[in-house]
Amino acid sequence: MTDTQTYERTTIYSDTIIQSLKDWWGIEDWESAYSRTFSPHISGSISERERVMKVIRNALSLLKQLEWDTGSAKGTLLVPENKFDEYVRELIEELYDLRPVPDFILNNVDWKGVASEIKSDYSECEWNGHTYYYR
């Protein structure tokens, strides 16, 4: 399974991306790395180094976008597009006491429609070629 497949199916926090930059590439201060040309020592073929640099640049750009949009790059939940309906259902069930509502009703709620309505409150970003929503 590639990183892309993992991220596509999983909600992630922006802190995970920040920690990955530290652990995998030794980037302690992502903001400094974003504002200057950064070239870590990466072993492997030229194509592998280019691929890794692309991932690093994408991660840094995403963190900057989150900082602009939310005021901080840390602690932002990124929900993959293919999991947004499921996320919305869990969110609604957490926020509202739906225990009195029978399952035969809850199981027939148009969760895609509910998610579509809520999506306007979220911003969209791309990470590893997949769309994520956050707020």
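The values are calculated or read from the model by the stated rules, or taken from the named source; none is laboratory data. Keep in mind it's a predicted model, so treat the numbers as computed, not measured. For neighbour counting, all protein chains shown are included, and Cβ atoms are generated from backbone atoms with ideal geometry for every residue, glycine included.
Worth pointing out:
- So Ala59, is it under 15 Å from the mean Cα position of the chain (by Cα) and either aromatic (Phe, Trp, Tyr) or surrounded by 14 or more Cβ atoms within 10 Å (Cβ to Cβ) (or both): yes
- Residues that are at pLDDT 90 or above and polar (S, T, N, Q) were ranked within segment 85-135; the one that is nearest to Thr10 (Cα to Cα) is Thr131.
- Filtering segment 111-123 to residues that are exposed (fewer than 13 other Cβ atoms within 10 Å of the Cβ) and free of Cβ contacts under 8 Å to residues at least 12 places away in the same chain leaves Gly113, Glu117, Ser120.
- Taking the listed residues Trp68, Trp127, the one that is under 22 Å from Ile27 (Cα atoms) and surrounded by fewer than 17 Cβ atoms within 10 Å (Cβ to Cβ) is Trp68, with no other qualifying.
Conditions tested, residue by residue: (1) among the hydrophobic types (A, V, I, L, M, F, W, C); (2) surrounded by 15 or more Cβ atoms within 10 Å (Cβ to Cβ).
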| position | (1), (2) |
| --- | --- |
| Ala73 | yes, yes |
| Asn82 | no, no |
| Glu86 | no, no |
| Ile92 | yes, yes |
| Tyr96 | no, no |
| Asp103 | no, no |
| Leu106 | yes, no |
| Val109 | yes, no |
